[in-house]
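Trainee: Provided herewith is a single structure, encoded as structure tokens, for subsequent inquiry.
Every number in this text was worked out from the coordinates using simple rules, so none of it is lab data. On a predicted model such as this, the values are computed, not experimentally measured, just so you know. Glycine gets a Cβ as well: all are built from the backbone with ideal geometry, and neighbour counts include every protein chain shown.
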Amino acid sequence: MNNNTIKTWIMAGGLAISIFAGAASAQIIGGDVEVDGSSQDVVFLGGEMEIRGQIDGDIKGVAGSVRVDANVTGSVQLFGGELEVQGAVGHDLDLAGGEVRSSANVAGDANFAGGETSVSGSVGGMLNAASGHVRIESQVGGDAKLAGGYIETGDDSRFAGTAEIVGGEVFLGGQFVGPVGIEGGEISLSGVFLGDVEILAEEVYVLDGTQVTGELRIRSPHEPVIADDTSFGGYDYEERAFNFGAKDWEHIDFDLDAPTGIFGLFIPGAVFLMAAITLLLAPSGVASVVSRFRSSPVVGGFLGFIGFALSPIVLIILTILLAITVVGILLIPIMWLIFWPFMLLCMAFGAIAIGDMAFNRKPDEKTLDLGMRLLSTFAVVAVFAAFGAVGGLGFVIGFILLFVGLGSWLMALGRRREPETPIPAPGLG
């Protein structure tokens, strides 16, 4: 990939890590909490949060579900399963979660990372968004960097600065004042572009009504499909081989060799043991995680990657929050000790979810019983162990299980689980 593409993807994977980099003082720790106005910062750790009214300060928090409908004079920084922000934000807005929705008018910069992101409010500064699905219907005053599996900008959107976009499938409507750079699998243009547009893609479609005041430069292995009702200040097409997401992979040296004994025995065994215990003790919770993975498998893995990247920052933030009280100080070493078992638990969730996907082909008609859950999970873990004996493939499979399990668990946070047929108690499978 070119330098701009690498820079964009580094931003996509790392923009969420900066969300909680600043220290904060805890004000609220609880399960379901409502805040109606505050004359100071609102800082919280909870299950479900609802904040409304006038907030004279910042909002910062970690929760399963957060809904903000408030006039906030400061900044908003949130991490959770489901996030929704309305109203007005006086400074910056930073959101990272499973489902992220913002219709707030943001005076400063806005950064979003998650499984699904929808932005419809105005953004005075820069807009950065990295998600499995990105939908933008905003007035953006600064530059924009967008990355995701599917990216769409609506007809009412307007981007005043430079736009850099990387996605599997990209549909651009609205108005772009500055230059636009796009790289992806399938690109469709349908808006008004007042600057130059440069595209590197597998397929390019220029739809009716598209206007490019500057020069449209396209690099693609396939001739672009251009509708009749279009206009360009200049046009340049060059046939160029391009495989989105895999270009120049042959030049990358993967040094992932690891002791086969670790992946061949201990870690797979620990993952299966954790999965078995979880299936016995919390079958309904497992069913919720599996259901979320089946509904959005790609999003779950993507969110898990983001969550894993954020985990060191979250640990530091939780340490700061717990250090405020005497009881909390005693819990800090316990929290750090359980981090690695929690990672194993997420791998167990991933193995259960993938096993369910492979063995339960008709999820609407039946739910796997305990015996089949254990069997399907064992099959996935056995594959994990087998690949662990082949160079560094154990690392790859292990991280896939971790990302799938962590992302599916995050999506299940704060969500009301739809009724499911319970998993039978231990007995005949």
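Trainee: Grab the Cα-Cα distance for Ala382 and Asp156, subtract it from 0.36 nm times how many residues apart they are, and report the gain in nm with one decimal.
Mentor: Extra length available between Ala382 and Asp156 comes to 76.3 nm.
Trainee: Shifting gears a bit: Taking the mean number of other Cβ atoms within 10 Å as a proxy for protection, how do you rank 202-209, 96-103, 179-186 from highest to lowest?
Mentor: Per-residue mean Cβ counts within 10 Å order the peptides as 96-103, 179-186, 202-209.
Trainee: Could you work out how far apart the two model spin labels at Leu281 and Ile332 are, taking each label as a point 7 Å from the Cα in the direction of the beta carbon, and quote it in nm?
Mentor: 2.6
Trainee: Between Asp69 and Arg294, what length comes free when the chain is fully extended (0.36 nm per residue of separation minus the Cα-Cα distance, one decimal in nm)?
Mentor: In short, 77.9 nm is gained.
Trainee: Could you line up Leu273, Leu172 from fewest to most neighbouring Cβ atoms inside 10 Å?
Mentor: Listed from fewest to most nearby Cβ atoms, that is Leu273, Leu172.
Trainee: So how do Phe79, Phe266 line up by other beta-carbon neighbours within 10 Å, fewest first?
Mentor: With the sparsest Cβ surroundings first, the list reads Phe266, Phe79.
Trainee: Please give, to one decimal in nm, the separation of the simple spin-label points placed at Ile316 and Phe399, each 7 Å out from Cα toward the Cβ.
Mentor: Label-label distance for Ile316 and Phe399, simple model: 2.1 nm.
Trainee: Between the range 40-115 and the range 163-219, how far is it from one alpha carbon centroid to the other, in angstrom?
Mentor: 31
Trainee: Continuing with this model, one more query. I need the calculated FRET efficiency for the pair Phe342 and Ser103, taking r as the beta carbon distance and R₀ as 30 Å, to the nearest 0.05.
Mentor: About 0.35, to the nearest 0.05.
Trainee: What does the highest-first list of 54-63, 224-233, 370-379 look like by mean Cβ count within 10 Å?
Mentor: 54-63, 370-379, 224-233
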